[in-house]
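First the structure, in the form of structure tokens, and then the observations on it.
The values are calculated or read from the model by the stated rules, or taken from the named source; none is laboratory data. This structure is a prediction, so every number in the text was calculated from the model and none was measured. Ideal geometry is used to build each Cβ from the backbone, glycine not excepted, and the neighbour counts take in all protein chains shown.
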Amino acid sequence: MRIRVNGTDHEVDFEEDMPLLWLLRDELGIHGPKYGCGIGQCGACTVHLDGVAVRACQVWAADVGAAEVTTIEGLGTEDAPHPVQQAWIDLQVAQCGYCQPGQVMQAASLLNETPNPTDAEIDDAMSGNLCRCASYPRIRAAVRRAAG
Ligand code: FES
């Protein structure tokens, strides 16, 4: 089956009931999306399907079809980070860092849909992405900064 990830087409064989997260990590070696809970509750596995945040542990790889999958690796580049990535760097948001790829992808999806979100909209959009280090105030500040 063909799947497009970060601008590259991959031809891969996988079981019909394989979640996208496993395909990305185990079959394609793309490790930005993280396994946290496996039941759609933590947001560590967040990636984009056509620019919209989804939980990769809750999407069957077989259902992705022609949609473009984007992971943190494909959001920006080292030389030209995405504005959300740049804001995360500027404000040193990450502490342990485990949840941060998912946080960044969720924030980028929010700004795709709502370029200038209110604090309430930020909190609402980010509420499903958990952080054990409680970096929430820096996350909110970074989303505001990225919104410019
Ligand atoms: Fe997918 Fe937690 S690992 S939401």
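What about Cys96, is it surrounded by fewer than 19 Cβ atoms within 10 Å (Cβ to Cβ), within 16 Å of the ligand (Cβ to nearest atom), not assigned by TED's automatic domain parsing to the domain that holds Phe14 and not small (Gly, Ala, Ser)? Against the criterion (surrounded by fewer than 19 Cβ atoms within 10 Å (Cβ to Cβ), within 16 Å of the ligand (Cβ to nearest atom), not assigned by TED's automatic domain parsing to the domain that holds Phe14 and not small (Gly, Ala, Ser)), Cys96 qualifies.
Which number in (1) crowded, with 18+ Cβ neighbours inside 10 Å; (2) over 24 Å from Arg144 (Cβ atoms); (3) of a type in the set (Gly, Ala, Ser) marks the one condition that Ala107 misses? For Ala107, the failing item is (2).
When the stretch 115-148 is filtered for residues that are among the small types (Gly, Ala, Ser) and assigned to a helix (DSSP H, G or I), the ones remaining, listed by number, are Ala120, Ala125, Ala141, Ala142, Ala146, Ala147.
Hey, does the stretch 73-84 have a residue that's away from the ligand (no atom under 16 Å from the Cβ), of a type outside the set (Asp, Glu), under 15 Å from the mean Cα position of the chain (by Cα) and crowded, with 22+ Cβ neighbours inside 10 Å? Within the stretch 73-84, one or more residues are away from the ligand (no atom under 16 Å from the Cβ), of a type outside the set (Asp, Glu), under 15 Å from the mean Cα position of the chain (by Cα) and crowded, with 22+ Cβ neighbours inside 10 Å. Apart from one condition, Thr118 fits all of (1) free of Cβ contacts under 8 Å to residues at least 12 places away in the same chain; (2) surrounded by 19 or more Cβ atoms within 10 Å (Cβ to Cβ); the exception is (2).
Please enumerate the residues belonging to the stretch 31-44 that are surrounded by 18 or more Cβ atoms within 10 Å (Cβ to Cβ) and over 21 Å from Asp123 (Cβ atoms).
Residues of the stretch 31-44 surrounded by 18 or more Cβ atoms within 10 Å (Cβ to Cβ): 32-34, 36, 42-44.
Correct list: Gly32, Pro33, Lys34.
For the stretch 60-72, a tally of residues being surrounded by 13 or more Cβ atoms within 10 Å (Cβ to Cβ) and either among the charged types (D, E, K, R) or under 17 Å from Asn6 (Cα atoms) (or both) returns 8.
Residues that are not assigned by TED's automatic domain parsing to the domain that holds Arg55 and not in a helix (DSSP H, G or I): does the stretch 104-114 have at least one?
In the first step, residues of the stretch 104-114 are kept if they are not assigned by TED's automatic domain parsing to the domain that holds Arg55; the result is 104-114.
Pick out the ones that are also not in a helix (DSSP H, G or I) and you get 114.
Scanning the stretch 104-114 turns up at least one residue that is not assigned by TED's automatic domain parsing to the domain that holds Arg55 and not in a helix (DSSP H, G or I).
Pairs linking a residue in the stretch 50-66 that is farther than 17 Å from Ala107 by Cβ to a residue that is assigned to a loop (DSSP other than H, G, I, E, B) and within 10 Å of the ligand (Cβ to nearest atom), with Cβ atoms under 6 Å and 6 or more positions apart or on different chains, are Cys57/Gly38; Cys57/Cys45; Gln58/Gly40.
Restricting Ala66, Ala53 to those that are at pLDDT 95 or above and in a loop (DSSP other than H, G, I, E, B) reduces the list to Ala66.
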